[in-house]
1. Could you check segment 66-76 and list, in sequence order, the residues that are among the hydrophobic types (A, V, I, L, M, F, W, C) and surrounded by 13 or more Cβ atoms within 10 Å (Cβ to Cβ)?
2. Given the conditions (1) of a type in the set (A, V, I, L, M); (2) assigned to a helix (DSSP H, G or I); (3) at pLDDT below 80, and given that Leu93 satisfies all but one, which numbered condition is not satisfied?
3. Can you go through Ala67, Ala58, Ala42, Ala24 and tell me which one is touching a Phe, Trp or Tyr at 6+ places or on another chain (Cβ under 9 Å) and within 20 Å of Leu93 (Cβ to Cβ)?
Amino acid sequence: MRAVLAARGIRAAVVEPTVGSWVADGVSPDELAEAIEKSREARLKAGSTQPIPLAYVAQVISSQRAAARRAAAELEGKAPRAWRGGVGDLAALARQLGIAPARPGEEAPDFRARVMAAYHAHKAGGHGQG
């Protein structure tokens, strides 16, 4: 995780509880890299040249993880009826599971089926959804 942060110019203290919690929560290097990229895009859109603080990246990761939980709840049939499960939530779950995002030309139902299969395989392997 520290290598991903350093490679993208994000400063973190040597003993940083946030990074430790990401490791404990199973945040992947790809999830972290995407959160940093989204943080950078948000800064550029706002016209800011300020460095991206670790706390901002943590908020983005939290949002990505919430989207993954929503997608998992939808796959489990536990989502509120009003929620229709967007491709963005499925993409967040796919990243969390370590599978490829929607492929060029892949239709939404096919992507959903691929993510669902990976999610159920992950659960069957004794891994919880976190």
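The values are calculated or read from the model by the stated rules, or taken from the named source; none is laboratory data. These numbers were taken from a predicted model, which means no experiment stands behind them. Cβ atoms come from the backbone with ideal geometry, glycine included; neighbour counts cover every protein chain shown.
1. Within segment 66-76, Ala67, Ala68, Ala71, Ala72, Ala73, Leu75 meet the criteria.
2. Exception for Leu93: condition (3).
3. Working: Ala67 fails: touching a Phe, Trp or Tyr at 6+ places or on another chain (Cβ under 9 Å); Ala42 fails: within 20 Å of Leu93 (Cβ to Cβ); Ala24 fails: touching a Phe, Trp or Tyr at 6+ places or on another chain (Cβ under 9 Å).
On inspection, the qualifying residue turns out to be Ala58.
To keep it simple, each residue is scored yes or no on (1) charged (D, E, K, R); (2) surrounded by fewer than 16 Cβ atoms within 10 Å (Cβ to Cβ); (3) at pLDDT 90 or above; (4) not in a helix (DSSP H, G or I).
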position	(1), (2), (3), (4)
Asp30	yes, yes, no, no
Ala35	no, no, yes, no
Ser39	no, no, yes, no
Tyr56	no, no, yes, no
Ile61	no, no, yes, no
Gln64	no, no, no, no
